[in-house]
1. Taking the stated definitions as given, is residue 236 of a type outside the set (Val, Ile, Thr), open to solvent by 30 Å² or more (accessible area, probe 1.4 Å) and touching a Phe, Trp or Tyr at 6+ places or on another chain (Cβ under 7 Å)?
2. Test of understanding: among 371, 304, which residue is under 16 Å from the mean Cα position of the chain (by Cα), in a loop (DSSP other than H, G, I, E, B) and surrounded by 15 or more Cβ atoms within 10 Å (Cβ to Cβ)?
3. Might you let me know whether the stretch 104-122 holds any residue that is open to solvent by 30 Å² or more (accessible area, probe 1.4 Å), under 23 Å from residue 232 (Cβ atoms), touching a residue at least 40 places away in the same chain (Cβ under 8 Å) and touching a strand residue (DSSP E or B) at 6+ places or on another chain (Cβ under 7 Å)?
4. What about residue 85, is it touching a Phe, Trp or Tyr at 6+ places or on another chain (Cβ under 7 Å) and surrounded by fewer than 22 Cβ atoms within 10 Å (Cβ to Cβ)?
5. Quick check: anything in the stretch 432-447 surrounded by fewer than 18 Cβ atoms within 10 Å (Cβ to Cβ), within 30 Å of residue 258 (Cβ to Cβ) and among the β-branched types (Val, Ile, Thr)?
6. Kindly indicate whether residue 53 is surrounded by 15 or more Cβ atoms within 10 Å (Cβ to Cβ), closer than 24 Å to residue 319 by Cα, modelled with pLDDT of 95 or more and in contact with a Gly (Cβ under 8 Å, 6 or more places away or on another chain).
7. Take the conditions part of a strand (DSSP E or B), in contact with a Gly (Cβ under 9 Å, 6 or more places away or on another chain) and surrounded by 21 or more Cβ atoms within 10 Å (Cβ to Cβ) and apply them to residue 72. Does it pass?
8. How about the stretch 350-368: which of its residues are open to solvent by 20 Å² or more (accessible area, probe 1.4 Å) and among the hydrophobic types (A, V, I, L, M, F, W, C)?
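The values are calculated or read from the model by the stated rules, or taken from the named source; none is laboratory data. Nothing here was measured: the structure is a model prediction, and the numbers come from that model. Cβ sites come from the backbone with ideal geometry, for glycine too, and all protein chains shown count toward neighbours. Protein only, heavy atoms only, side chains kept; ligands, DNA and RNA dropped before computing areas. Shrake-Rupley method; radii C 1.70, N 1.55, O 1.52, S 1.80 Å.
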Amino acid sequence: MKASLLAVSVMVTLAGLTPAASPGDIDVSYGDDGFVAIEAVSSNVGVGPLRADPAGRTVLTFTADPESGGAVVVSADGSVVSAIDLGGPGKAAFGPDGRLYAGFDAAGSVIVTRFELGGELDESFGTGGTVVVGTEGLAVTGDIVVGDEGVVVVGGILGPDGLEAWAARFDLAGQVDSNFGDGGITTLTMSEQGEADLVLATDVLLTSDGYVAVVLTRSLAGDAVSVVGFDSEGTLLGRADLTYPDEILSTASVLLTDGSILLAVQTHNPGDVDSFHLTKFDPDGTPDTGFVGPDLTDDEVGGPVHLAQLRTGPIALAYNKGPDPSFVVRLVGLDGEDLGSMAVAVDTLWMYGMTAINRDGGLIFAVDQTPVASIEPDDLALVKITSDDSGRFLDDDGSTHEADIEQLAELEITRGCNPPANTRFCPDDPVTRAQMASFLLRALTIP
């Protein structure tokens, strides 16, 4: 035992320490000095959401044209980039099994697929790796979420009687969940023929009560957003309809660590001023009347709103700010307090997505590394920013052993004490025999 512990000590000593970064700095340990080039994406594409899993991997979806799209998966350290052809415009999300699930549009239908870690199609899912959502008409994918019980995809459809926002559910083998809605599909909202120009479920989030979907409706009478809660059987739990006097440009939503949902709606008025309206919801989709968001406005906005929650609690709200390439990150407290702006080292670039990495407090942005006058991406890359100065864990700050703990975590010898987030080390807890065995196995690569 003494020899094994000595080996661990020598490994840590020889490895050296990574220089500490301040909030807003580039994390140079990620990719190539903080950047990962996304070469699979050509210029002038539509960039979809950027998402992360508990291990720190990220996925970015993109659309090249109305009939093609793809996804790019990047490892936690930015060293591995896997490109995936989705066969059409869509969205992708990581499942609890670590694999990637995607929903995309193809020939008027929605296709759901599953991919292995290396980007290979998992042919054991559904029929040969795919599932077709059983809707009639022109179906459009809005979003996808995966939990322990199955896969839920949401979207919109143009039917003979009008427009409809829907949700479909499958088990993790790719089979239709017959206990969900009507044959695996449930209607979230609908509009009679001629009443609206668009009804589309744009977001879906997994909650403790089931799911919450965000539905955007556009009509001559004005734009509206509906937040709809539904359970694992497709039964609607609640619905809140939000209307605004101005045009809705974009929406973004995020599941907060307390289980609630925060929705941001970006509107644009005739005076060329954009406003960002924040509303908080309970897990069943009921509005949290105790939350009053700040008055966030800007007269030089050049892109849609993005949301992410920092592991220290505050919500980051980001958007492009023109006319020259730049973006802004504004911070909002959980009580709705305006916490001001966060200085970011790369804020002179166009930004196309944002996600938080809870395992180390990082923020990853999709940016245009060499932006020109046009806002379309020409040189797409991911860049990682440090969002707090706590290092790998939040509860070892000030400890005389913090540097050693951080290095052990960087070497993947220790991974944290509160999975899956693993944001704490629990330095005051006793070490169990099983934990010590795990440390030694990882440090010494023992089979």
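1. When the stated conditions are applied, residue 236 passes them.
2. After ruling out the rest, the residue left standing is 304.
3. Checked against the condition, which is being open to solvent by 30 Å² or more (accessible area, probe 1.4 Å), under 23 Å from residue 232 (Cβ atoms), touching a residue at least 40 places away in the same chain (Cβ under 8 Å) and touching a strand residue (DSSP E or B) at 6+ places or on another chain (Cβ under 7 Å), the stretch 104-122 yields no hits at all.
4. no
5. The answer is yes; a qualifying residue exists.
6. Here the answer is no, as residue 53 does not meet what is asked.
7. Working: part of a strand (DSSP E or B): yes; in contact with a Gly (Cβ under 9 Å, 6 or more places away or on another chain): no; surrounded by 21 or more Cβ atoms within 10 Å (Cβ to Cβ): yes.
No: the conditions fail for residue 72.
8. Just the residues of the stretch 350-368 that are open to solvent by 20 Å² or more (accessible area, probe 1.4 Å), to begin with: 352, 356, 358-360.
Result: 356, single match.
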